[in-house]
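Each value in this text was obtained by applying a stated rule to the coordinates, not by laboratory testing. Every value quoted in this text rests on a predicted model; they were computed, and no experiment measured them. Methodologically, a virtual Cβ is constructed for each residue, glycine included, from the backbone with ideal geometry; neighbour enumeration extends over all protein chains shown.
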Amino acid sequence: MINRGCIAACVQGLIRNAGRLALALAALLLATGIAAAEMVEVAPGVQVTKKTYAKAPVAEQPFFGFAEKTAEQRDADAKFIAEVTVAAGSKEKAFEAIMLRGWKAMTVNRPRDAARRFNQAYLLSPEQSSVYHGFAMVAQARFNDLDYAEELFKLALKQPSPLKALNADYGRVLLMAQRFKEAQPVLEQAVVDSPDNGDAWATLAFARMKNGNNAAACAAADEAAHRKLSLDTSRDLVFIRRDAQCH
């Protein structure tokens, strides 16, 4: 026969033990620095991790550092959108012009200026792929945050109007994280997306070499050598060809 008193006592004991386990788990998470990431919607249906960088001005962080804006700041944003839309002739043209200024800043190693432009573009069209692409580049170049860069690259791949250079930049960040096997298929796609991108061919050569396929690495290196390369990549290609034992 079932002892109802025993059942009640056992259930209460389980509840107490579950409470102790929850407290112990919470303490462990705090001790190891692990906590549940807060997700924020930054465009309709698009959520990102709320990531901030204490030493950087909010205008130089992705998504304005998720700072809570005052009514005056929101009014200033609305005024900015209206003015640049009129000046450019449309919101789409204003977006393109501002993104172009951001990319130019990135090419001359000015990620702070680039972030400001990408944030302005974000105000205009928060759903566009290139916004997340740009923020990913800032996360890597300014804050050396490869994990957040990867998160943003993955979002960029899902959003409308991705740039042809998206997979090339994403693959390069995976190489920086020494995730060579994951980088290679991304870079294989990069040279399909943009076959004239010499830097993409060179990084693909490096990934193939790191994954043990020297012959394929040399083939990609040959493709890179017949295309325009950045100065740094030109230097890197010499070492890739040497290490892959290309002839």
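Where residues in region 117-175 are hydroxyl-bearing (Ser, Thr, Tyr) and under 20 Å from VAL42 (Cα atoms), which of them is surrounded by the most Cβ atoms within 10 Å (Cβ to Cβ)?
Top of the filtered list is TYR132.
Here are the criteria: (1) within 21 Å of ASP169 (Cα to Cα); (2) surrounded by fewer than 16 Cβ atoms within 10 Å (Cβ to Cβ). Tell me which single one GLU92 does not satisfy.
(1)
I'd like the full set of residues that are among the polar types (S, T, N, Q) and touching a Lys or Arg at 6+ places or on another chain (Cβ under 8 Å), limited to region 215-247.
Matches in region 215-247: none.
Restricting to region 116-139, name every residue that is in contact with a Gly (Cβ under 8 Å, 6 or more places away or on another chain), of a type in the set (Gly, Ala, Ser) and within 21 Å of ALA76 (Cβ to Cβ).
The answer is ALA121, and nothing else.
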